[in-house]
1. Considering region 80-110 alone, what residues qualify as being surrounded by 17 or more Cβ atoms within 10 Å (Cβ to Cβ) and part of a helix (DSSP H, G or I)?
2. Please work out if residue 57 is within 21 Å of residue 103 (Cβ to Cβ), at pLDDT below 95 and crowded, with 20+ Cβ neighbours inside 10 Å.
3. Looking at 70, 15, which one is at pLDDT 95 or above, in contact with a helix residue (DSSP H, G or I) (Cβ under 9 Å, 6 or more places away or on another chain) and either within 25 Å of residue 122 (Cα to Cα) or surrounded by 12 or more Cβ atoms within 10 Å (Cβ to Cβ) (or both)?
4. Looking at (1) in contact with a strand residue (DSSP E or B) (Cβ under 7 Å, 6 or more places away or on another chain); (2) within 24 Å of residue 112 (Cα to Cα), find the lone condition where residue 7 falls short.
5. If you go through region 45-54 one residue at a time, do you hit one that is under 24 Å from residue 106 (Cβ atoms), surrounded by 15 or more Cβ atoms within 10 Å (Cβ to Cβ) and in contact with a strand residue (DSSP E or B) (Cβ under 9 Å, 6 or more places away or on another chain)?
6. Can you find a residue in region 21-31 that is part of a loop (DSSP other than H, G, I, E, B), modelled with pLDDT under 95, over 20 Å from residue 111 (Cα atoms) and over 14 Å from the mean Cα position of the chain (by Cα)?
7. Taking region 47-79 on its own, how many of its residues are touching a residue at least 24 places away in the same chain (Cβ under 8 Å) and in a loop (DSSP other than H, G, I, E, B)?
């Protein structure tokens, strides 16, 4: 059985052009290497995170901490940014109630239209068993 990751994991849509683009930025800005990432299409997803529902992963990004705490959508982005020195201020701004409310309303709209806006891309998941997919 797969071992649960020891750092937070971003669960994203591996076939979404926008998600793939955001993932590249995550790796660039994650200078302290605090996060890993995994497409929701990965075979081991539900073995590692049995509390996740695949239907929800198909519609919104998730951030899962080693202790099982899970954040979705805009709240996941905020939690990620608050842990990145280069994006900390953005995370703080996203915490301000009116901004948080607006972003929570906009995220579902973007998520529903992500293929139309960003296109689709090939899913790059290694054939071997792995707990996370990380930039080489």
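The values are calculated or read from the model by the stated rules, or taken from the named source; none is laboratory data. Because the structure is predicted, anything quoted here is derived from the model rather than measured. Cβ coordinates were reconstructed from backbone atoms using ideal geometry, including for glycine residues, and neighbour counts include every protein chain displayed.
1. Selection gives 80, 81, 87, 94, 103, 107.
2. no
3. Within the list 70, 15, the selection yields 70.
4. Condition not satisfied by residue 7: (2).
5. Within region 45-54, one or more residues are under 24 Å from residue 106 (Cβ atoms), surrounded by 15 or more Cβ atoms within 10 Å (Cβ to Cβ) and in contact with a strand residue (DSSP E or B) (Cβ under 9 Å, 6 or more places away or on another chain).
6. Yes: one or more hits.
7. Residues in region 47-79 being touching a residue at least 24 places away in the same chain (Cβ under 8 Å) and in a loop (DSSP other than H, G, I, E, B): 8 in total.
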